[in-house]
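So the structure is just underneath, and the comments pick up after that.
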Amino acid sequence: MTFLKRAAAALLATTALAAVSSPSLAQDFKGKSAGDILVRARALAVIPQEDGNLLLNGNTKIGEARVGNDYIPELDFSYFVTDNIALELIAGTSRHNVKGSLNGLGDSIDIGKVSLLPPTLTAQYHFFTKERVSPYVGAGINWTLFYREDAANKANGAGLRVTDVKYDNAFGWALQAGVDVALTGNWSLNLDVKKIFLKTDVSATVNGALPVTSKVTLDPWLVGIGVGYRF
């Protein structure tokens, strides 16, 4: 995963700089504490691990769904209930190209595009909160809203085109791991990885008449790197 490798390399470089920082920076450092509010801005890769059959008339498999990656800005807000326990809410939206690989019905079919708004609330445990390098783990719940469901309406080699598409909103579970690296003052660098366990029901119409459905497992990875400021 190229994005994750680059993010990890950047984090390691900054960690090394923090380790050899001057005494003046060390005196400027303050560990995480109860009552702190930590706001982060991240560059985020949304990488679905999709699995879903395309079913004609609800029972005949004609292919499989494919969902593209997206790269977005993201904000998150953490509140420290204790020195070690925090609640985090993320805010961001992604947009994905969706295609279908078909079995003997011409080349792949362009299903269209869809946007996802996936607010996720996690409870986290932060380790070494009085140190400059503080990893954490978390778990929580996700609610994904699907919107701007645009059918491609573009014919493939067999003359098939998706003329309408609909995705059902859904709940999912989330696991999380990350690390904060203190820089100077209240600023920190952050690397964060989440796994969202998410399924949705998709219904589409092909050529204005043929009903196609799919129960798609998305299970995306959310890999982000960014900076945080603690109030």
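Assorted remarks:
- Reachable aspartates and glutamates from residue 195, criterion Cα separation under 19 angstrom, eight or more residues apart if same chain: 50, 51, 70, 74, 76, 88, 180, 219
- Local net charge near residue 140, Cβ-Cβ under 14 Å (Lys/Arg +1, Asp/Glu -1): -1
- Think of each Lys and Arg Cβ as +1 and each Asp and Glu Cβ as -1; about the Cα centre, that makes the dipole of the chain roughly 240 debye.
- GNM on the chain, alpha-carbon springs under 10 angstrom: the most fluctuating residue among 81, 133, 193 is 81.
- Ranked list, fewest to most other Cβ atoms within 10 Å of each Cβ, for 189, 117: 117, 189
- C-alpha long axis of helix 2-19 to longest principal axis of the chain, angle in °: 0 degrees
- Counting only lysines at least 8 places from residue 32 when in the same chain, those with an alpha carbon closer than 19 Å to its own are 130.
- Point-charge dipole on Cβ atoms (K/R +1, D/E -1) for the stretch 54-187, about Cα centre, debye to 20: 380 debye
- Shape annotation for the stretch 112-167: C-alpha extents along the principal axes are 62, 21, 13 Å, from largest to smallest.
- Footprinting exposure proxy for 149, 88, 131 (fewest neighbouring C-beta atoms within 10 Å first): 131, 149, 88
Since every read-out is calculated from the coordinates, none of them should be taken as a lab result. No experiment lies behind these values; they were computed from the predicted model shown. Backbone-built Cβ (ideal geometry, glycine too); neighbour counts: all protein chains shown.
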